[in-house]
Amino acid sequence: MSDLPFPPGFLWGAATSAHQVEGGNTRNDWWRFELVPGAIRGGEKSGEACGHYARFDADFALAAADGHNAHRLSFEWSRIEPRPGQFDAAEVAHYHDVLASLKRHGLTPIVTLHHFTNPLWLADEGGWEDRRVVDRFEAFVRFCAREYGGEVDWWCTVNEPEVFAFRGWSEGVWPPRVRDDSRALTVIAHQLEAHGRAYRVLHAEDRWDADGDGAAVRAGFAKHRPQLEALRAWHPLDRLVAHFERRVFNEAVDRAPVDGVIDLSIPGATRVRRVLPELAGAFDWYGLNYYTRWMVKAFADPSHVARPGAPRNDLDWEIFPDGFEQALRAAARSGKPVLVTENGVADAHDALRPRALLDFITAMHRAIAGGVPVLGYLHWSLLDNFEWSDGFHGRFGLYGVDFTDTARPRQRRTSAEVFARIARANAVTDAARAWGSGGTAARGA
Ligand code: IFM
């Protein structure tokens, strides 16, 4: 086979989030939630997570040695602003150290400002259900833009507004453990509104072109975009529920930053409709998080399952690379270039990931060849990490982590080598294919 080259300047890297890797995040709502019996699978707690708070420099060295040229991370709001309006100088300095380390290693930072966790004070005043959060977030973003603008150009305002809202307020499996679709829609709306505000603030306050490419700010948010299909294609209710889910989860969230209209509705919930001029056109790139296709089964528990017989990862999510190509094409309909802010496979034994990685990246190449402008690909994740209510069960790392002793060396997986071969060549080459095809057959295939 011939090489599949990617555009010059393509960003290759991995993505992480603060709470999932740093450890010791005692001042946010997830830390408190993890203490609730039954909240996390196996009673696990983030605890020291990967110990990345102390080991970031060594971890970035691994990424750089593998040919990465970018890295997506998040700033932990509760560290930087432990009380409203008060900023912790030591923690502020810590993230300067992190950014300096990324620079030394030649990794362009892509900084997420909200990745699921909230300072305790924010959660206690109503969190993302209370409209005040939009002002609170704006103030935090303004602080970050002024403080770190000289080191950061790529900003990701919020991560997966729809996942954040549905898990916390509809399914009730994340904090604050609410089961109310109307409240979930309000939370999505607040996240989108906060994104619009943040976008304007970043462009107004961050005037420094940190990487000298002519742009001081490139901002967007990360959208989780699963395929959603009826499990039983003949069943009117499966089809109807899949339709409503696609509409609110994918289409309505896609539309909001394009024309500034937030219009969220699902049967049985109060519709949320807002027209926000500051949200219209408020993104420089479409952040795509793609993992899987969900087959929807109406009024069942579970209501989302993998396609029967499909290859699945350790969390029972279908591995469906064609869906990635479709999601990229859908993202491009926003009219903006696409940045793959996440894509990955939970696979503790690295049996499926090497092959899947090749298949996903080849699907992305097809999308690019078909005209989709893709700026880069950030693999989830550099390290195994704390997978929210699944505890340490979903192992997504190019590198394995020994959670019994995070000081031990990271375990380099075959996937890291496959990814390195692609990133270094900026192409899917035969050498990468040779490494990637060694994975064992997919479970359930
Ligand atoms: O670990 C998460 C991440 O925090 C957000 N996107 C999906 C990942 C895998 O579930």
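The values are calculated or read from the model by the stated rules, or taken from the named source; none is laboratory data. Quick caveat, the model's predicted, so the values are computed rather than measured. Glycine also receives a Cβ, built like all others from the backbone with ideal geometry; neighbour counts cover every protein chain displayed. Surface areas here come from the heavy atoms of the whole protein model, side chains and all, with no ligands, DNA or RNA. Shrake-Rupley method; radii C 1.70, N 1.55, O 1.52, S 1.80 Å.
Considering only residues that are buried (at least 22 other Cβ atoms within 10 Å of the Cβ) and in contact with a strand residue (DSSP E or B) (Cβ under 6 Å, 6 or more places away or on another chain), look in segment 197-222 and name the one that is farthest from Gly126 (Cα to Cα). Per the stated criteria, the residue is Ala219. When residues in segment 372-404 are screened for being open to solvent by less than 60 Å² (accessible area, probe 1.4 Å), assigned to a loop (DSSP other than H, G, I, E, B) and away from the ligand (no atom under 16 Å from the Cβ), 2 of them pass.
Conditions (1) at pLDDT 95 or above; (2) within 21 Å of Cys156 (Cβ to Cβ); (3) open to solvent by 10 Å² or more (accessible area, probe 1.4 Å); (4) of a type in the set (A, V, I, L, M), marked per residue:
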residue	(1), (2), (3), (4)
Asp29	yes, yes, yes, no
Arg32	yes, no, yes, no
Gly42	yes, no, yes, no
Gly47	yes, no, yes, no
Ala54	yes, no, yes, yes
Arg83	yes, no, yes, no
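Do we find a residue being crowded, with 19+ Cβ neighbours inside 10 Å, more than 17 Å from Leu375 (Cβ to Cβ) and aliphatic (A, V, I, L, M) anywhere in segment 325-334? The answer is no; no qualifying residue exists. For segment 341-350, residues that are more than 16 Å from the ligand (Cβ to nearest atom) and surrounded by fewer than 19 Cβ atoms within 10 Å (Cβ to Cβ) total 1. Listed by position, the helices (runs of 4 or more DSSP H) enclosed by segment 1-71 that each have at least 2 residues that are away from the ligand (no atom under 16 Å from the Cβ) are 52-65.
Taking Ala310 as the residue in question, decide whether it is crowded, with 20+ Cβ neighbours inside 10 Å and touching a residue at least 40 places away in the same chain (Cβ under 8 Å). Answer is no for this residue.
Scanning segment 405-426 for residues that are in a strand (DSSP E or B) and either within 15 Å of the ligand (Cβ to nearest atom) or not basic (Lys, Arg) (or both) yields a total of 1. On inspection, Arg255 does not qualify as within 16 Å of the ligand (Cβ to nearest atom), open to solvent by 20 Å² or more (accessible area, probe 1.4 Å) and of a type in the set (Lys, Arg). Being crowded, with 24+ Cβ neighbours inside 10 Å, within 14 Å of the ligand (Cβ to nearest atom), under 21 Å from the mean Cα position of the chain (by Cα) and within 26 Å of Arg131 (Cβ to Cβ) is a property that holds for Gly287. Looking at segment 124-158, which of its residues are within 12 Å of Phe75 (Cβ to Cβ) and within 16 Å of the ligand (Cβ to nearest atom)? Hits for segment 124-158 are Cys156, Thr157.
Checked against the criteria, Gly438 counts as of a type outside the set (A, V, I, L, M, F, W, C), surrounded by fewer than 24 Cβ atoms within 10 Å (Cβ to Cβ), modelled with pLDDT under 95 and part of a loop (DSSP other than H, G, I, E, B). In segment 101-122 there is at least one residue matching the filter, namely being outside any helix (DSSP H, G or I), β-branched (Val, Ile, Thr) and more than 16 Å from the ligand (Cβ to nearest atom). Being open to solvent by less than 10 Å² (accessible area, probe 1.4 Å) and in contact with a strand residue (DSSP E or B) (Cβ under 9 Å, 6 or more places away or on another chain) is the requirement here; does Ala194 meet it? Yes; evaluated as a whole, the condition is true for this residue. Mind listing whichever residues of segment 85-107 are surrounded by fewer than 13 Cβ atoms within 10 Å (Cβ to Cβ) and either in contact (Cβ under 8 Å) with a residue 24 or more places away in the chain or charged (D, E, K, R) (or both)? Result: Gly85, Asp97, Ala100, Arg104.
Within 16 Å of the ligand (Cβ to nearest atom), under 18 Å from the mean Cα position of the chain (by Cα) and buried (at least 24 other Cβ atoms within 10 Å of the Cβ), is that true of Ala356? No; evaluated as a whole, the condition is false for this residue. You will find that of Asp301, Asp259, the residue that is modelled with pLDDT under 95, more than 24 Å from Tyr377 (Cα to Cα), out of contact with any Lys or Arg (no Cβ under 7 Å at 6 or more places or on another chain) and not β-branched (Val, Ile, Thr) is Asp301 and no other. Entry remark, segment 295-340: residues being away from the ligand (no atom under 16 Å from the Cβ), small (Gly, Ala, Ser) and closer than 25 Å to Trp12 by Cα number 4 in total.
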